Amino acid sequence: MANDTGAAEFSTLQSLMWPEAGVCTERDLFVRVHGKAGPAEDGGFRFFEDSRAEFNTWFNLFNAGTWQRHCGLKSLFLLLRGKGRFAVTVILARPEHSWERLDRIVELDGGSDDGQARLDLSALLPTTGSKGVMFFELQAIGDKATLTDAAWQTADAPRRQPQLALAVTTFRREAEVARTVERFCAFRDRSWMKDHVELIVTDNGQTVELPPRDGVTVIPNENLGGAGGFTRGLLEARSRGATHCLFMDDDASIHMESLERTWKLLAHAEDPATAVAGAMISEQHRWAVWENGACFDRRCLPLHMGTDLRDFAQMAGMEWQVSGPAPRSLYGGWWYFAFPVDKAEHLAFPFFVRGDDVSFSLANDFNIVRLNGVVSFQESFTEKESPQTWYLDLRSHMAHHLSLPQIEIGARGVLKIALWFFLRNLPRMHYGTLAAINLAVEDVMKGPQFFDDNADMAQRRADIKALTGDEAWQALTPDTPLPPVRHRPPAAWKRHLMKLSLNGLLIPGFGRLGRKITLEAQNRGHIGYIWGAAEISCLNADRTKVYTVRHSKAAAWREMKRFAGNAQAFLKNYDSLAQAYRSGYGALTDNNYWEAKLALPTSGKIPKQEAAE
């Protein structure tokens, strides 16, 4: 790394990230190469005559607007290390303004000071404003020049020295956790963060067995889902004196250098309530943003979905927006969310999973920041969709609005959310999901005590599994017959006609008359593709699994009648329900509740498998 926390004069805010096998190897997200240049076998980046590299990439640009807004930087430098002669260009890019450009020739001698040059960019800061990104380009002058490292630095003193506890929750994913621990320990051993970071693994399955490792603690825990697992990790972090906690997935598909960027932002932030929310990218297309933060407005609204990070214009446009004022109801997903421990006045609501991260962000007064390059790579959410996820999503959406006065939308507003969930699945013929949606409405109407009584979701998981039926993935064998793949939605007039008939529900004999189609994974959730179909076979991304749903008037009308009754009861009881949720929310999210729920000893000590230190 280019710096450590003990260095007196200059503090590194952001070092270079490079492609990493198993995480992300999309080179244009890290560096754009022109001519003969590339990674050297002995480390660093090798340039030959007239070759050039641009670091105007999502992982390696410097969002000066974000750092200015949240840290009030007074000084900024670009440090280069290596050997050889380079033409260096530093660019400040702002929307709707001419770009500022600084050109220098530097000679890196590779001597005892590691051939370093430091460019003072402080004069550019006053012109940055709240929206400006910086990046640099290098062109070799002569043959065989090498860049060993580069870093964006400041001479500003940090405002605090965070003690960061990574809290990971796992359930019977022993191999994934073992890999995460290995990657974390390798990173910790080489990083200046070593004395400022530790890993806490909450083992909800009580099956993880790891050899003792310095800086790693494993806590066996009852399976109360992500809500219970992450809460236990937070309580342990508090007991160990951590100032900040980072909730992270058990497979930790991140570039570990993200931890350093997060730590530095938290260290320099002016607002002590500052938190960092990592972006999420699907493993299927590692160049496209799935979400870079999200808002909750009647439903979860991912921000910047589909942004192609290989395209500078799209990527810079996203970063200019990210550096501006935070959107209303912004929240951070728990695949990567770092926050100050003492600002978490409310712990998780006992949702088990789905929705716990939303209410945690909305109920606590965090200043949520997003940083380029801080991202977790995940399996596609579309492929994870099931009756259980629809059930969990709907009941959490409704509970948010019932519990939190700041997002009050009234009885009809909340009911419209449930209706939207229902109507999304009715024409898709996902009748098991419709039954799960009805069950979610009925459970929400039982009041907040239901969530306490069912914090482990054991009974409901069994109930919903019984509803899944046709929507359960089955192995796809070479001899499995499939209908033709539908590659695009039907014509507009056909879609409109089918909508009027509720996709055949009002047409006698539609089960025989409708089309039989196959939908590929990327189109599975797109309702435009399903009109006119009476049978739909859905494929997963790897084309190894399939399930098939079919038109059924009996199942559809049964669930529609049930939903109508639930809607009437919900409207009638809304006022008393809202009062119950709002009066009970605090009790279900405080320390006393969770210490009792997790059966923690009265001494406050948590049983754990801890590394010898």
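Criterion first (among the polar types (S, T, N, Q) and closer than 18 Å to residue 161 by Cα) does residue 274 satisfy it?
On the way: among the polar types (S, T, N, Q): yes; closer than 18 Å to residue 161 by Cα: yes.
Against the criterion (among the polar types (S, T, N, Q) and closer than 18 Å to residue 161 by Cα), residue 274 qualifies.
Under the condition of being acidic (Asp, Glu) and in a strand (DSSP E or B), which residue from the stretch 265-313 is most open to solvent (accessible area, probe 1.4 Å)? Explain how you work it out, then say what you get.
Taking the stretch 265-313 first, the residues acidic (Asp, Glu) are 270-271, 283, 291, 297, 308, 311.
Right, trim to in a strand (DSSP E or B) and you get 291, 308.
Numbers: 291: 12, 308: 29 Å².
Filtering the stretch 265-313 for residues that are acidic (Asp, Glu) and in a strand (DSSP E or B), the one most open to solvent (accessible area, probe 1.4 Å) comes out as 308.
Within 25 Å of residue 359 (Cα to Cα), surrounded by fewer than 24 Cβ atoms within 10 Å (Cβ to Cβ) and either in contact with a strand residue (DSSP E or B) (Cβ under 9 Å, 6 or more places away or on another chain) or among the basic types (Lys, Arg) (or both), is that true of residue 202? Spell out how you get there, then give the answer.
On the way: within 25 Å of residue 359 (Cα to Cα): yes; surrounded by fewer than 24 Cβ atoms within 10 Å (Cβ to Cβ): no; either in contact with a strand residue (DSSP E or B) (Cβ under 9 Å, 6 or more places away or on another chain) or among the basic types (Lys, Arg) (or both): yes.
The answer is no for residue 202.
I'm checking my understanding of the structure. Among residues of the stretch 147-191 that are touching a helix residue (DSSP H, G or I) at 6+ places or on another chain (Cβ under 7 Å) and of a type in the set (Lys, Arg), which one is farthest from residue 75 (Cα to Cα)?
188
Filter the stretch 574-603 down to the residues that are surrounded by 13 or more Cβ atoms within 10 Å (Cβ to Cβ) and part of a loop (DSSP other than H, G, I, E, B) and list them by number.
Residues satisfying the conditions are 589, 590, 598, 600.
Each row is one residue, and each column tells you yes or no for (1) in contact (Cβ under 8 Å) with a residue 12 or more places away in the chain; (2) surrounded by fewer than 22 Cβ atoms within 10 Å (Cβ to Cβ); (3) on the phi < 0 side of the Ramachandran plot.
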{"residue": "9", "(1), (2), (3)": "yes, yes, yes"}
{"residue": "27", "(1), (2), (3)": "no, yes, yes"}
{"residue": "33", "(1), (2), (3)": "yes, yes, yes"}
{"residue": "39", "(1), (2), (3)": "yes, yes, yes"}
{"residue": "54", "(1), (2), (3)": "yes, yes, yes"}
{"residue": "80", "(1), (2), (3)": "yes, no, yes"}
{"residue": "84", "(1), (2), (3)": "yes, yes, no"}
{"residue": "96", "(1), (2), (3)": "no, yes, no"}
{"residue": "100", "(1), (2), (3)": "yes, yes, yes"}
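Filter the strands (runs of 3 or more DSSP E) completely within the stretch 115-173 down to those with at least 2 residues that are open to solvent by 10 Å² or more (accessible area, probe 1.4 Å) and free of Cβ contacts under 8 Å to residues at least 40 places away in the same chain. Even if it seems obvious, please write down each step before you answer.
Details: elements: 116-120, 133-154, 164-170.
Counting at least 2 such residues, we get 116-120.
Residue 144 - would you say it is in contact with a helix residue (DSSP H, G or I) (Cβ under 7 Å, 6 or more places away or on another chain) and of a type outside the set (Gly, Ala, Ser)? Spell out how you get there, then give the answer.
Numbers: in contact with a helix residue (DSSP H, G or I) (Cβ under 7 Å, 6 or more places away or on another chain): no; of a type outside the set (Gly, Ala, Ser): yes.
No; evaluated as a whole, the condition is false for this residue.
Just checking, does the stretch 446-464 include any residue being of a type in the set (Phe, Trp, Tyr) and under 18 Å from residue 536 (Cα atoms)? Give the steps one after another, and end with the answer.
Restricting attention to the stretch 446-464, the residues satisfying the condition of being of a type in the set (Phe, Trp, Tyr) are 450-451.
Filter again for under 18 Å from residue 536 (Cα atoms), leaving none.
No, the stretch 446-464 contains no residue that is of a type in the set (Phe, Trp, Tyr) and under 18 Å from residue 536 (Cα atoms).
When you scan the stretch 480-521, how many residues do you find that are assigned to a strand (DSSP E or B) and more than 11 Å from residue 533 (Cβ to Cβ)? Lay out the reasoning, then the answer.
Step one: of the stretch 480-521, the residues assigned to a strand (DSSP E or B) are 485, 515-519.
If we keep only those that are more than 11 Å from residue 533 (Cβ to Cβ) as well, we get 485.
Count: 1.
Picking from 455, 399, 436, which residue would you name as being open to solvent by less than 10 Å² (accessible area, probe 1.4 Å) and part of a loop (DSSP other than H, G, I, E, B)? Give the steps one after another, and end with the answer.
Values: 399 fails: part of a loop (DSSP other than H, G, I, E, B); 436 fails: part of a loop (DSSP other than H, G, I, E, B).
Only one candidate passes the filter, namely 455.
Could you give every pair whose Cβ atoms fall below 6 Å, whose first residue belongs to the stretch 181-193 and is touching a residue at least 12 places away in the same chain (Cβ under 8 Å), and whose second residue is part of a helix (DSSP H, G or I) and open to solvent by 60 Å² or more (accessible area, probe 1.4 Å), counting only separations of at least 6 or pairs across chains?
As it stands, the answer is 188/194, since those pairs meet every condition given.
Can you pull out every residue in the stretch 210-244 that is over 24 Å from residue 359 (Cβ atoms) and either within 21 Å of the chain's Cα centre (by Cα) or in contact (Cβ under 8 Å) with a residue 40 or more places away in the chain (or both)? Please lay out each step first, then the result.
First pass over the stretch 210-244, keeping only residues over 24 Å from residue 359 (Cβ atoms): 210-218, 220, 240-241.
Within the stretch 210-244, 210, 212, 213, 214, 215, 216, 217, 218, 220, 240, 241 meet the criteria.
The values are calculated or read from the model by the stated rules, or taken from the named source; none is laboratory data. The model shown is predicted, which means the values in this text are computed figures rather than measured ones. Positions of Cβ are backbone-derived with ideal geometry, glycine not excepted, and every protein chain shown enters the neighbour counts. For accessibility, only protein heavy atoms count, side chains too; no ligands or nucleic acids. Shrake-Rupley method; radii C 1.70, N 1.55, O 1.52, S 1.80 Å.
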